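The values are calculated or read from the model by the stated rules, or taken from the named source; none is laboratory data. Being a predicted model, the structure only gives us computed values, none of them experimental. Here the Cβ is made from the backbone with ideal geometry for all residues, glycine too, and neighbour counts use every protein chain on show. Keep in mind that these areas ignore ligands, DNA and RNA; they rest on the heavy atoms of the full protein, side chains included. Shrake-Rupley method; radii C 1.70, N 1.55, O 1.52, S 1.80 Å.
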Amino acid sequence: MRPHYEIAFLSVVLALSSALHAVLVHAQAPFDADAYREAKRVATETFLDRTKPKTVRVAAANGLRYPDDKTFAALLSVGNDRREDEEIRLLAFQRHRYDDEYIESVLKILATASDGGAILRAGLIDDVSQRTTFKLPPELRARIVTAFRARLTDRSPLVRLSAFRALVAAQDLQAVDLLVEALRRGRNLPIPKASAIALLDLDGPTKHIATVRPYLHDEDPQVQAQAAHVLSSDPDSRAELVRLATSTSTPELVRVAALRGLSREDESFETYAIALMRNPEETPDVRHQAMKTMAGRLNYEKSSPETQLRFAEAVRRLAEGPRLLGAKGLDVGEEAKKLLGNLRRSFPAVRKRYAQ
Amino acid sequence: MIVIRFMLLPLVVLLLTACRPRKSEQPEPPPGFSGWISDDTGRPVVDATIDVNGKVARSGPDGSFALAVTRQPQYILSVTHPDHADLVHITRSPLPKQVWKLARAHVTRVDPSTPFTIVDERPDLDRKGLEGATFSLPANALVDAQGAPATGTVRAAIATLDLANGEGPGDWAVRSEDGTRDGYLVSYGAVFIQFSHPTSGIKYQIRPGMSGQLVLPVLPSMRAHVGAATSAPFWYFDVKDGYWKKAGAAVFDAALGAYRGSIDHLSTLNTDIAKFDNAACLAVTLDPSIALGSKLRIRYHSDGTPFGQVPTFVMDATLNAAYRLPALTNVLLEVLTASDEVYGNLVVEDPAGTPLVNDVVNTGPALAPGDSLWPPSPFTTCKPILLRLETTQVELRINELSSAPRLRDDPTDDYVTWAPTFALARLAAPGPSDVDVVLTNDDPNLGGNLRFAAHQSPWPVDTTATATTLSLTLPADGSWVPFVIAGEFGTPSINDKDAIIVAHLDSANGTKVGDKALMVRIRKNANDLSASERDRFLFAWKNFRNKIGGLHYVLVQEAHRLASSAGDEAHMQPAFLSWHRAFLLLVERELQRIDPSVALHYWDWDAAAPNVFSADFIGAAGNNPVDSVAEPVFSSANPLNGWNTDLPFNGGELRRNEDDHARDPAGAMKPLDHPVDPSLIDYDDYGPTSSGVFAVNSFSDDVEKSSHNPAHGWPCGGGHLAFPSRSAADPLFYLLHSQIDRQWAYFQRVHARLGVASGGVLTFPAPEHYDNTGAWNTPGNVADPSFRQQGSFLEDGLWPWDATSGGAPGTVGERPINQATAGGTNIPVSMPLVPSTPFPASLQPNLWPALDTVPLNRHMIDYLGKFNPLDGLGFGYDDVSY
């Protein structure tokens, strides 16, 4: 149980933070610069104060807004301080601007095995990856890649996963090759199988079809779902994917992933997508996914008026049929109503058929 | 009484003609055919072929042409252009100074060695309320005139014709199969189809013995009448003699609302019913208030025999005939100005001296058997009527110069920003005396609002229109009077053409004598758009993504990748802001070709943007339980749903990270302007120095590092937007960069960084702007020709429009390279090659560039045209005033 003073302080910080937000976002009221400064000062002091409980400091980080130079220096100091809690250190770096001091500090930590725990190292990789992918001098990019590659074999699964994610997103061949080899081996994977397949999907599904094929019938639905999406671009897996997508015995997760992939790759997609939409025995989520992916296909692929009309009729039935709620509360019928309106706008044949 | 009326009419006509010698008041038209070829938006069509009875001319850069002809009893004027449907007009006399509008076709490529289908999918069909036709051919069905089969890729053009607006060739003449009787067609729909060699232009026909399948939707105006024609022939137009001839048989398919059938001949094709026994004609006398050469458009009005087409006649004499009309039918008459606008003050007298209460006349009884359907002058077998214009009418034009008014108004250029825009007013028809009018907004509480100013020449520097009304005196002779307008800051338009200028007689409360609808088109905070604005924006993006040919989306995406490759001029260099301003302008103008009411709205990250990062707009954060990036969530109805990047990974899916992008970004990106926190406008220097390097701790340096770079990472660590080589594949890229450009515009406004007028010349002295000299210096200011970094100086060209290349690889002088040598892993699957052609001329004549131009850094700075309105770029931001 948290001490009372901690809860009280947390409340004050949260209140100040939300007041700050309200002042900025809803600018109808005159901006109170003094109140803003005070809230920011309190949040900054709280976050930098080692004597404050961690939860209070974490909450205060939201109130830092855009720091001044003095605060940036203090944040760097906190981030580099090994005595600090690693979540606080990570927050300090995350709130720091991207500059030479930031990147040098982060690279130094990543290169020092004894510095920081998994949360800090993984978080820093994520942070650097998010901030620096856009445009970097080649030398700095090389240093970052080297630092990340060194973490591919980190003892922490969390750090390894972050390193693989950052490098594969940046199309790093060494990281991709390691994943391919590991998936072919089928054991001792550096990261979970499902994540490894998802990353190969990110790298380019057509390059990794042979590697992924064995996982289409993996016992883990997460693995199966990722594999289904990758293999939607594999003509040899097409029939089996269609079977999985249309079978009620397939885990829903896999069906949804397969439909997503097939909608982009399978020219006969409409034949079973529309049938799934119209089947009252199907779950609302499968019917919704069939509708959504088919709509996406019609947005960017050529289609005949006949197809447009068949789809529109299936959408109309969903719009006017019994209320269907997806697992996350999505109202399928409401979405179908909006979609029918846009189909009218996009396709003359639909506009004429459903003019009223 | 009827007898007396008919006896008196020729006399009245004769008197009118004799008493008002029209021709002596008008300049004598040049002999032959002349005029201008334009598309249906009024833009000139260059290099069109004009053929009159075998004599040929081509249209020039402004669409103009002239063709001398010898005297002949009938002329068949045909106008052809590869991107448009053929136009054919039949006349008995030469027609000078006419504007001929071509309907743009949907153009694609097909492989004739396999069966194929082409569908007319032009976005403007929606605007016209038409459905596109579909045509299918079996394999190897195309041959040239010698019977040789078409090989390789063939160019296919298809255009469903908007008959209700005058499209369609000829005068709907048809001859009975026994050749003894002339008649006319009543059209249910028409389409132009043509196949040609992509380079030689050789045209192909259907191989004898084979046929194609045509699905031709019924015209909206004819849907109620299909019951009378559940089967009907297909006809093709024969330009050789101006008659329609049978090309196949069609039946009405109720499910499709279209005629479906086989055809064995390609040209303009029609589903029609032929009429041989109830044709009528009108003998139309013009009052002097109507200029010779005006067009008469005839629309079916109510009851009687319906027809889908809208015949248009050029009235080139005081007495004219409108022929092949259905007898005893009420028709609406419209007289068009030379620029194809409808006069709103037409009076129809039926008979002469008896004004009708509206512009609807009955065509009268059918011609007697044996009478010509197109009788010779003076058209004694036709029903006589007289046309004249009544009272004062004011014509208003936007974005035009008095020195060179366009022949016809272009509704696609009626868009303004906060910057001053030149406009024109005149009396629609000459009158006896000058007329005083006052211009106002129609209702200041509705839609966008405008401000007015009297014209000055030269227009003073740094001045825009500020008055709420404007008094003008319009000369009696109908000459143009220039004035100036600007959008009223704070009241931009929400919908297309919702800002309306009203012309009143004598005072602001006087009789309304004219109006003009336009749009105060402004880039807005995307989080604050109305649902209508958002949807127009998204549909424009969808159509841009689906565009084939010309400047299409993947080409734009690829241009950014290459610009970001070796010799990157676009990032971490002085040209960062100017290069992206040009890039955005290019994209925005392409979107506006699709929907002129769209602007490139911005994502303002100084506050949370939940409406932007939603499933109904740019996408909500996705969720992949095993990875940190996922496809953003789009609602089923979102036009971006299914977006395909054309990149060879993710199956073409968009990817962004899974953070809550709609959260408050405070602290992640440096604020633009803040009363307490450090902000981007705290800098005074723009950035580029006199030695052409990027000054650290300058606005342009910081906006790139502290605003732009983290913004790319904010929603997209690991996704497309995070990498310059693929970021432009995500539509969010353009909202992000619009924000960057807005930040620059705001900085320019606050620090007066739009240039300095000195001795009548616009200059940009460093360090506030660029250096003017462009010296080839190193950062240490030591002369070194090997150093020059393109884009660092005011007069430097921007790639790819400057067509430069070269420089030693890896050196600072290196230029971006083309795809052929760029390589990389982010090449689009369709592999479009970025052309090194100049930046295209603005569609609006009052904006930069007037002609295709190599953009320089200097062109991008004064985006409002403060020093010369004609150099303005045609955009503005909702919170950055003039």
One residue is enough: does region B:588-608 have a residue meeting the conditions within 14 Å of chain A (Cβ to nearest Cβ), among the small types (Gly, Ala, Ser) and either under 22 Å from B:GLY719 (Cα atoms) or crowded, with 20+ Cβ neighbours inside 10 Å (or both)?
yes
Identify, from the list B:VAL633, B:VAL612, the residue that is open to solvent by 10 Å² or more (accessible area, probe 1.4 Å) and more than 9 Å from chain A (Cβ to nearest Cβ).
B:VAL633
Hey, any hits in region A:284-299 for a residue that's in a helix (DSSP H, G or I), within 11 Å of chain B (Cβ to nearest Cβ), closer than 21 Å to B:LYS547 by Cα and charged (D, E, K, R)?
yes
Of all residues making up region A:82-140, the number that are basic (Lys, Arg), within 11 Å of chain B (Cβ to nearest Cβ) and in a helix (DSSP H, G or I)
2
Could you tell me whether region B:354-367 includes any residue that is polar (S, T, N, Q), outside any loop (DSSP other than H, G, I, E, B) and open to solvent by 40 Å² or more (accessible area, probe 1.4 Å)?
yes
Would you confirm whether or not region A:310-332 contains a residue that is more than 12 Å from chain B (Cβ to nearest Cβ), surrounded by fewer than 16 Cβ atoms within 10 Å (Cβ to Cβ) and part of a helix (DSSP H, G or I)?
yes
Evaluate region B:776-794: report whether one residue or more is farther than 30 Å from A:VAL128 by Cβ, within 33 Å of the chain's Cα centre (by Cα) and at pLDDT 85 or above.
no
Within region B:391-429, the residues that are among the charged types (D, E, K, R) and touching a residue at least 60 places away in the same chain (Cβ under 8 Å) are B:GLU395, B:ARG397, B:GLU400, B:ARG406, B:ARG408, B:ASP409, B:ASP410, B:ASP413, B:ASP414
Mind listing just one residue for me: the one in region B:652-665 that is buried (at least 23 other Cβ atoms within 10 Å of the Cβ) and outside any loop (DSSP other than H, G, I, E, B) and, of those, nearest to the other protein chains (Cβ to nearest Cβ)?
B:ASN657
Please list, ordered by residue number, the strands (runs of 3 or more DSSP E) wholly in region B:57-97 having 2 or more residues that are modelled with pLDDT under 90.
none
Tell me which of these A:GLY321 doesn't satisfy, since it passes every other one: (1) modelled with pLDDT of 95 or more; (2) among the small types (Gly, Ala, Ser); (3) out of contact with any Asp or Glu (no Cβ under 9 Å at 6 or more places or on another chain).
(1)
Of A:GLU265, A:GLU270, which residue is within 14 Å of chain B (Cβ to nearest Cβ) and surrounded by 21 or more Cβ atoms within 10 Å (Cβ to Cβ)?
A:GLU270
Of all residues in region B:130-161, which are in a loop (DSSP other than H, G, I, E, B) and either of a type in the set (Val, Ile, Thr) or without any contact (Cβ under 8 Å) to a residue 60 or more places away in the chain (or both)?
B:ALA139, B:GLN146, B:ALA148, B:ALA150, B:THR151, B:GLY152, B:THR153
State all residues of region B:250-285 that are open to solvent by less than 10 Å² (accessible area, probe 1.4 Å) and within 14 Å of another protein chain (Cβ to nearest Cβ); if no residue qualifies, say none.
B:GLY257, B:ALA258, B:TYR259
Given the residues B:PRO384, B:PRO378, which is the only one that is open to solvent by 20 Å² or more (accessible area, probe 1.4 Å) and part of a strand (DSSP E or B)?
B:PRO384
If you take the residues in region B:221-280 that are among the basic types (Lys, Arg) and either within 24 Å of A:PHE347 (Cα to Cα) or part of a loop (DSSP other than H, G, I, E, B) (or both), which one is modelled with the highest pLDDT?
B:ARG260
Looking only at region A:129-141, decide whether some residue is β-branched (Val, Ile, Thr), at pLDDT below 95, under 30 Å from A:LYS70 (Cα atoms) and crowded, with 18+ Cβ neighbours inside 10 Å.
yes
Residue list for region A:333-356, filter: more than 9 Å from chain B (Cβ to nearest Cβ) and either outside any loop (DSSP other than H, G, I, E, B) or touching a strand residue (DSSP E or B) at 6+ places or on another chain (Cβ under 6 Å) (or both)
A:GLY333, A:GLU334, A:ARG344, A:VAL350
Condition first: in contact with a strand residue (DSSP E or B) (Cβ under 8 Å, 6 or more places away or on another chain) and within 14 Å of chain A (Cβ to nearest Cβ). Can you find one or more residues in region B:86-99 that meet it?
no
First in region B:795-818 and part of a loop (DSSP other than H, G, I, E, B), second anywhere and modelled with pLDDT under 70 and among the aliphatic types (A, V, I, L, M), Cβ under 7 Å, 6 or more apart:
B:SER805/B:ILE817; B:GLU814/B:ALA808
Taking into account only those residues within region B:129-152 that are under 28 Å from A:GLN308 (Cα atoms) and surrounded by fewer than 17 Cβ atoms within 10 Å (Cβ to Cβ), which is modelled with the lowest pLDDT?
B:GLY129
Picking from B:ASN624, B:ASN641, the residue that is at pLDDT below 95, assigned to a loop (DSSP other than H, G, I, E, B) and crowded, with 21+ Cβ neighbours inside 10 Å would be B:ASN624
Does A:VAL230 count as over 20 Å from B:ARG656 (Cα atoms), open to solvent by less than 10 Å² (accessible area, probe 1.4 Å) and either charged (D, E, K, R) or free of Cβ contacts under 8 Å to residues at least 60 places away in the same chain (or both)?
no
Of everything in region B:678-697 that's at pLDDT 85 or above and open to solvent by less than 10 Å² (accessible area, probe 1.4 Å), which residue is nearest to the other protein chains (Cβ to nearest Cβ)?
B:SER679
Residue ID - nearest to A:ILE103 (Cα to Cα), chosen from residues in region B:717-744 that are touching a Leu at 6+ places or on another chain (Cβ under 8 Å) and part of a loop (DSSP other than H, G, I, E, B):
B:GLY718
Does B:HIS708 fit the bill of being within 10 Å of another protein chain (Cβ to nearest Cβ), open to solvent by less than 10 Å² (accessible area, probe 1.4 Å) and either free of Cβ contacts under 8 Å to residues at least 24 places away in the same chain or under 22 Å from B:LYS524 (Cα atoms) (or both)?
yes
Take B:ASP673 and tell me if it is free of Cβ contacts under 8 Å to residues at least 60 places away in the same chain, open to solvent by 10 Å² or more (accessible area, probe 1.4 Å) and more than 10 Å from chain A (Cβ to nearest Cβ).
no
For the structure I just gave you, tell me whether A:VAL176 is surrounded by 20 or more Cβ atoms within 10 Å (Cβ to Cβ), within 21 Å of the chain's Cα centre (by Cα), within 13 Å of chain B (Cβ to nearest Cβ) and of a type in the set (Val, Ile, Thr).
yes
